[in-house]
Amino acid sequence: MVGFKNRYMGMEVMLDPNKEISGDDPIVITQFNISKAVKDSILINLGECGLASLIGSFQVKYVNPITKLCIIRASRDEYQKLWSSISLVRSIGNCPVICNLLHLSGSIKACKNAALKSDELKLEQYKLMVGARLSADVTQHMQNCLEKIKLLEH
């Protein structure tokens, strides 16, 4: 018996520098927000049949709201459709965004390692940018996210 083959995509969600943010609220990246934006993009660009073929294997496995990094799972047969739909996502909520694929892998372990490396680099950049204004809450939240990704399996 052959197991279910998946692809894992490490994605970065960035604010679109070419567009203005319509509200005062900063972008809040959650599993629900990303999942909804991607499903809406699939429905618009691939239709109901495309959504039905992807929905069984589609899952947002990990989200870091500080570094705006996420890991998304899709079946091996359908990941290219999902990738194209993610590339066409232009907003999450009312915030204009650009999605960038950082890593594509057949195992969650390899994607987890790439995401962990990227998260650590972004955390160092964030610390340099903010400097002494870095609060203990943000540091603790980031450490919790790093621990969560280390525990990520299946």
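The table below gives the values:
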| quantity | calculated |
| --- | --- |
| Selection from A52, S35, T139 lying farthest towards where the dipole of the chain points positive, charges on Cβ | A52 |
| Accessible area expressed per residue, the stretch 47-124, with surrounding protein chains retained (probe 1.4 Å, Å²) | 46 Å² |
| Amide proton proximity set for L104, modelled H, under 5 Å, gap of 5+ | G10 |
| Given charges at beta-carbon only (K, R positive; D, E negative), |dipole| of the chain in Debye | 480 debye |
| Average Cα contact separation per residue, the stretch 1-147, under 8 Å, 6 or more apart, as relative contact order % | 35 percent |
| Given charges at beta-carbon only (K, R positive; D, E negative), |dipole| of the stretch 69-131 in Debye | 80 debye |
| Cα-Cα separations in the chain greater than 23 Å, expressed as whole percent | 39 percent |
| Cα gyration tensor category, rounded, prolate or oblate, for the stretch 93-153 with a/c compared to 1.5 | oblate |
| Placed amide H near K61: partners under 5 Å, 5+ positions off or other chain | I71, I72, R73 |
| Restraint check, K81/K112; K5/K39; K5/K112; K39/K127; K19/K122; K19/K61, Cα-Cα greater than 27 Å | K39/K127; K19/K61 |
| Mean residue ellipticity (222 nm) of the chain, computed from DSSP H runs ≥ 4 via -39,500 (n - 2.57), nearest 500 | -16000 deg cm²/dmol |
| Extreme residue, positive dipole direction of the stretch 9-154, given options Y79, N100, M14 (C-beta unit charges) | Y79 |
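The values are calculated or read from the model by the stated rules, or taken from the named source; none is laboratory data. Fair warning: this is a prediction, and the values are worked out from it, not measured in the lab. FYI the Cβ positions are ideal-geometry reconstructions off the backbone, even for glycines, and counts take in every protein chain you see. Areas reflect the complete protein model, heavy atoms only, side chains present, ligands, DNA and RNA absent. Shrake-Rupley method; radii C 1.70, N 1.55, O 1.52, S 1.80 Å.
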